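In what follows, a structure is listed as structure tokens, so that the remarks can point back to it.
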Amino acid sequence: MSETTVAAPSTETPPNHPSPTPARRRGKGLVGYQVSRYGGLYLWAALIVVFALWLPDTFLTVATARAIAGDQAITVILALGLLFSLASGAYDLSIAQNLGLSAAFSAWLMADAQVNPWIALLMTLGLGAVIGIVNGILVAVVGLNSFIATLGTGSVLVAFTGMVTDYNFVGPVPSDFQTIATSAPGGLPIVTVYAIAAALIAWYALEHSPAGRRLQATGANPDATRLAGVRTGRYMFGALVVAGIAGSLAGVLAAAKISSVSPSVGLPYLLPVFAACFLGTTQFKPGRFNVWGTVLALYLLQTGVKGLQLAGGQLWVTDLFNGVALVGAVSIAVLSEKRRARDTH
């Protein structure tokens, strides 16, 4: 007699009821990825709705909208400069103090040395370029770690700021010079116009020009980029010079806006610009430093801070909000990268 073999019940899912395949899991991951790309826009809209319902009389006003737009414009310009250095793989920790020294230096030139405001502007931009060149030499030529090099440079700039200001307020700058930062054509703060123009220039230069693509490749994988024939040191050097000039430009605008400059004016800018740049890597082009993600992050952060301030928040709310945002942004970026790597395998 021939034996009849009885097959064991199959543990596999029948063809008509397929189990989630890697492709399907990747599809779900792709949906989540697309949602996370624009999560900042959803969060910004949610913050606006929350504060509009909570503080309808003070938050939903033209004055508040202008304040948010104007207050962040100088920070946008500073963050765009930092974005170039970060995209190249270098951390410029001196950029905020560059703003502080440039604001104090330009105010001193105009108020104390009686230098023509426009010559003072050019001299201050030259100072920013020198700061960027020094950082570039230390990082791209000498080969110092950018954290150490720019931290040291920042400390030197603090000392120079003390020398220029003698630890007192400097100014006021001439009233006609103040208009370059305080005028509001058509009701829109002029500094916001500058920020929009700077963002468009940075967007093209960083994300759509051949030099910008090489710069980003330098930051993403310097060894492979160098082997491909790109002079990565030059691009990192150039990025730090751009950051230096952006810091000095932001400093001049800050001096024009506030007129009398405090010796500590630059310090509060450091955390917001880093928080915005890293939070921006979670938006639009996750995992990459990008212009519009950074701009969105800045206005998202400022909306949250402004709403909490209008609700009666203390002065420390700004630092708390920006600090949490920075830690959260880096955490989200790391977790998102791990998820994408898992979904592709």
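Measuring between their Cα centroids, region 253-303 and region 119-195 lie 15 Å from each other.
At q = 0.16, 0.17, 0.22 Å⁻¹ the log10 of I(q)/I(0) for region 94-171 amounts to -0.59, -0.65, -0.94, computed by Debye summation with a single uniform scatterer per C-alpha, solvent ignored.
The candidates MET163, MET110, MET123, arranged from most to least accessible area with a 1.4 Å probe in the full protein assembly, appear as MET163, MET123, MET110.
Of the residues LEU80, VAL295, THR232, the one whose Cα sits farthest towards the positive end of the charge dipole of the chain is THR232 (charges of +1 on Lys and Arg Cβ, -1 on Asp and Glu Cβ, taken about the Cα centre). In the context of the full protein assembly, ILE332 retains an accessible surface of approximately 90 Å², using a probe radius of 1.4 Å and ignoring ligands and nucleic acids. With springs connecting C-alpha atoms under 10 Å apart, model the chain as a Gaussian network and identify which of VAL327, VAL305, VAL295 has the largest mean-square fluctuation. The residue with the greatest mean-square fluctuation here is VAL327. Each helix, a run of at least 4 DSSP H residues, gives -39500 (n - 2.57); summed and divided by the residues of the chain, these come to -23500 deg cm²/dmol at 222 nm.
Classified by the C-alpha gyration tensor, region 65-126 has an oblate form. Its axis ratio a/c, with a ≥ b ≥ c, is 1.5 or above, and a/b does not exceed b/c. Computed with a 1.4 Å probe over protein heavy atoms only, the accessible surface of the chain comes to 51 Å² per residue.
The residues neighbouring PHE284, those whose beta-carbon lies less than 12 Å from its own, together hold a net charge of +2 under the Lys/Arg +1, Asp/Glu -1 convention. When all protein chains stay in place and ligands, DNA and RNA are ignored, the 1.4 Å accessible-area order of SER183, SER264, SER146, largest first, is SER264, SER183, SER146.
Relative contact order of the chain: 30 percent, from C-alpha pairs under 8 Å at least 6 residues apart in sequence. For the chain, the longest principal axis of the C-alpha atoms and the axis of helix 146-165 are separated by about 20°. Summing charges over neighbours of TYR269, with a neighbour being any other residue whose Cβ is under 15 Å away from its Cβ, gives -2 when K and R count +1 and D and E count -1.
Counting only protein chain heavy atoms and rolling a 1.4 Å probe, the accessible areas of SER260, SER85 rank, largest first, as SER260, SER85.
Rg and Dmax of the chain, based on Cα coordinates, read 24.6, 115 Å.
The share of accessible area on the chain that comes from carbon and sulfur is 68 percent, using a 1.4 angstrom probe. With a cut-off of 14 Å between beta carbons, the residues surrounding THR58 carry a summed charge of +1, where Lys and Arg count +1 and Asp and Glu -1.
The values are calculated or read from the model by the stated rules, or taken from the named source; none is laboratory data. None of these values were measured; they are calculated from a predicted model. Positions of Cβ are backbone-derived with ideal geometry, glycine not excepted, and every protein chain shown enters the neighbour counts. With ligands, DNA and RNA removed, areas are computed over all heavy atoms of the protein, side chains included. Shrake-Rupley method; radii C 1.70, N 1.55, O 1.52, S 1.80 Å.
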